[in-house]
Amino acid sequence: MHEIIKAANNGDELSKSLLDESARYVGIATASVVNLLKPEILVMGGVLVNEYSEYLPKVKEIAQSRVFTSFTNDIVVLPCTYKEKAGVVGAGTLILEKYFNGSLEK
C-alpha cells in the first residue's frame, strides 16, 4: 500500500486511479452510514487518509453526492489526529468508559 501511495504522490496515474477508485467505494459506504445513522461527525483514519492528501476530499465529495438531500449540509468528515495510535487510544477509551460506568469485571 505504501508503494502505491508513494507512486500516486509522485504523479503516477495508475496509482492515482487505484486510490481514487478506493475513495469512491469508501465514499459510497460513508454515504450509507450517514443515510442510516446520521452521525454528527465521522472521523476517518488509516494510511490512505494520513499519507495521500487527495483521499479524504474525494471520499467527502462522493459521500456528499450520495446522501439524502436534507443531510448534505450536515456532513462533517474529519481526519483522525491520532494517526497510527488511533486503535490503542480507542481501546483505552473503551476500557476507561467501562471502568467509570462500573461495568468492568474484576
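Every number here is computed from the coordinates shown, using simple stated rules; none is lab data. Remember, it's a predicted structure, so these values are computed and weren't measured experimentally. Cβ atoms come from the backbone with ideal geometry, glycine included; neighbour counts cover every protein chain shown.
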* When the convex hull of the C-alpha atoms of the chain is computed, what volume per residue in Å³ does it have? -> 123
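Pairs Lys58/Lys98; Lys58/Lys85; Lys16/Lys38; Lys6/Lys38: which are spaced more than 26 Å apart, C-alpha to C-alpha? Intermediate results must be reported in sequence, preceding the final value.
Values: Lys58/Lys98 36 Å; Lys58/Lys85 24 Å; Lys16/Lys38 30 Å; Lys6/Lys38 34 Å.
Violating the 26 Å limit, Cα to Cα: Lys58/Lys98; Lys16/Lys38; Lys6/Lys38.
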* Long-range amide H partners of Val43 with built H, under 5 Å -> Leu78
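Where nothing but the Cβ of Lys and Arg (+1) and of Asp and Glu (-1) is charged, how large is the charge dipole of segment 2-100 around its Cα centre, in debye to the nearest 20? Could the numbers behind the result be given before it?
Numbers: 10 positive and 12 negative charges, 56 e Å.
For segment 2-100, the charge dipole is close to 280 debye.
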* Structure fact -> Checked against the positive end of the charge dipole of the chain (+1 on Cβ of Lys and Arg, -1 on Cβ of Asp and Glu, about the Cα centre), the farthest of Ala23, Leu36, Phe68 is Leu36
* Asked: Residue by residue, what Karplus-based ³J(HN,Hα) values in Hz, rounded to whole numbers, does segment 57-66 have, using 6.51, -1.76 and 1.60 with θ = phi - 60° and x for Gly and Pro?
  -> x, 5, 4, 4, 4, 5, 4, 5, 6, 10
